[in-house]
Amino acid sequence: MKLNDIVYMEENEDYLVLQLRDVTPLVKLSKIEFEIISHYSCTLNKSEVIHFFEDRILITEKQLDVLLDLALQMKLLVDPATVLPTPIVKIKGKRKKAIWEVLIVDFTHRRLERLGENKNVQDVVLLTLICLAFAILLYLLSHPFSFVEHYKQTLYLVPYAFSNLLIFIYLGALLSMVIHELGHYYFYKRCRGKGSVFGIGFLLFVIPVFYNKLFIRQVKERRHRMLIYAGGFVFDVLFVLFILGSIVCFRDQVPVLVFIGYSMLLSVFIRSLFNLNVFLPQTDGYYVLSDWLNQEQLFRVSAFEFFNFFKGKITLKQLLYSIFFLLSCASIAGAWFCFATPLLLFFYYVFPF
């Protein structure tokens, strides 16, 4: 028997909370229980384990058997003979919420993850991005440019029909998602988050998406969680600067690539409108506000306060929660409307009737 790979460990005064690889529920156990299980995984000798801990805790062989059986059920202990080496790339065909997962890249506990956790590497990346953004900003200020007029000209220069340009729009949107998720990942690692899992799938079976599985709620510091949620927008701003600089630099030389650049700008702008909306649940803006208010279930609490609005004495807190709930409902309806419109356009142009 050996210990399963631990993706994340949260330590409290008397107990530990573990996130294990390929195990959805969290595992909670006392520190001494974890020490006993860990020691057994090294020795595989029950008598030696009992003798080793006899000065700290009296444990019988029957009690140890119960603890080890529980560890096996929780998959904290696994049999090496039955556990296949975890591949970095996995092909999947599984629906998770609104996303149909197609491909997973998991380099947790790999050298690449350890490189990303290195503080010196993180500092070099941050300094490089700051210098690059500063240089591009100076370049843009020294080269005034009308992006609206140039965008109109680019549409005429691209030698493809609009229906064929949809693929470029989706590619640009996908690339902008990659940058956004890398922003979350960078600050997640900077705040000592564990786990490095990325995936490619289809939102509602149609729109290609890139996502990153992070255990943000397990990061202790509230300000760190807020920074991680805001990290995607920070990288979006840097990415926008890079695209603008590239458009000004290349202009009419490569119209197709310039059009992809404009598509990515549009994608970042539209996504940011929704993602920064604090009233729209499951967005970065919503989570930042939730952490700022120290209310993890903000939408659920606001719904409860709204439906109990006239059942008792109305307080200012209840009024604010009710207003938040109404604005959230309006934001959800608006998001679905805006989401359905491009899908209808996509089917209209790709599958003409």
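Selection of first residues in region 190-210 that are part of a loop (DSSP other than H, G, I, E, B) and of second residues that are open to solvent by 30 Å² or more (accessible area, probe 1.4 Å), restricted to Cβ pairs under 6 Å at least 6 apart or on distinct chains, gives the following pairs, ordered by first then second residue: CYS191/HIS224; GLY195/PHE215; LEU204/ALA98; PHE205/TRP100.
In region 252-300, what count of residues is obtained for those that are β-branched (Val, Ile, Thr) and farther than 30 Å from VAL158 by Cα?
Taking region 252-300 first, the residues β-branched (Val, Ile, Thr) are 254, 256, 258, 260, 268, 270, 278, 283, 288.
Restricting the remaining residues to those that are farther than 30 Å from VAL158 by Cα gives 278, 283, 288.
Result for region 252-300: 3.
The set of residues from region 148-158 being open to solvent by 90 Å² or more (accessible area, probe 1.4 Å) and either without any contact (Cβ under 8 Å) to a residue 40 or more places away in the chain or of a type in the set (A, V, I, L, M) (or both) comprises VAL148, GLU149, LYS152, TYR156.
Of the residues that make up region 311-325, is at least one open to solvent by less than 60 Å² (accessible area, probe 1.4 Å) and in a loop (DSSP other than H, G, I, E, B)?
The first filter runs over region 311-325 and keeps only residues open to solvent by less than 60 Å² (accessible area, probe 1.4 Å), leaving 312, 318, 321-322, 324-325.
Cutting the leftovers down to in a loop (DSSP other than H, G, I, E, B) gives us 312.
Among the residues of region 311-325, at least one is open to solvent by less than 60 Å² (accessible area, probe 1.4 Å) and in a loop (DSSP other than H, G, I, E, B), which makes the answer yes.
Number of residues in region 273-303 that are among the charged types (D, E, K, R), surrounded by 17 or more Cβ atoms within 10 Å (Cβ to Cβ) and closer than 24 Å to PHE337 by Cα: the value is 1.
Only a single criterion out of (1) among the hydroxyl-bearing types (Ser, Thr, Tyr); (2) touching a Ser or Thr at 6+ places or on another chain (Cβ under 6 Å); (3) not in a helix (DSSP H, G or I) is not satisfied by SER176, namely (3). Go through region 15-41 and give me each residue that's in contact with a Ser or Thr (Cβ under 7 Å, 6 or more places away or on another chain) and modelled with pLDDT of 75 or more. Answer for region 15-41, where residues must be in contact with a Ser or Thr (Cβ under 7 Å, 6 or more places away or on another chain) and modelled with pLDDT of 75 or more: just TYR15.
Evaluating GLY199 against the criteria (1) closer than 24 Å to VAL124 by Cβ; (2) crowded, with 19+ Cβ neighbours inside 10 Å leaves one unmet condition, (1).
Here VAL258 qualifies as at pLDDT below 85, touching a His at 6+ places or on another chain (Cβ under 9 Å) and surrounded by 18 or more Cβ atoms within 10 Å (Cβ to Cβ).
Pick from region 202-233 the residues that are closer than 20 Å to VAL23 by Cβ and of a type in the set (Val, Ile, Thr): which of them is surrounded by the fewest Cβ atoms within 10 Å (Cβ to Cβ)? Working first, answer last.
Filtering region 202-233 down to residues closer than 20 Å to VAL23 by Cβ leaves 211-219.
Now drop any that are not of a type in the set (Val, Ile, Thr), which leaves 216, 219.
Details: ILE216: 17, VAL219: 23.
Step by step, filter region 202-233, then rank; the result is ILE216.
Selection of region 14-34 for residues being of a type in the set (Asp, Glu) and open to solvent by less than 70 Å² (accessible area, probe 1.4 Å) yields only GLU33.
The values are calculated or read from the model by the stated rules, or taken from the named source; none is laboratory data. These numbers were taken from a predicted model, which means no experiment stands behind them. Here Cβ is always computed from backbone atoms with ideal geometry, including for glycine, and neighbour counts include all displayed protein chains. In case anyone asks, the SASA skips ligands and DNA or RNA and just uses the protein heavy atoms, side chains included. Shrake-Rupley method; radii C 1.70, N 1.55, O 1.52, S 1.80 Å.
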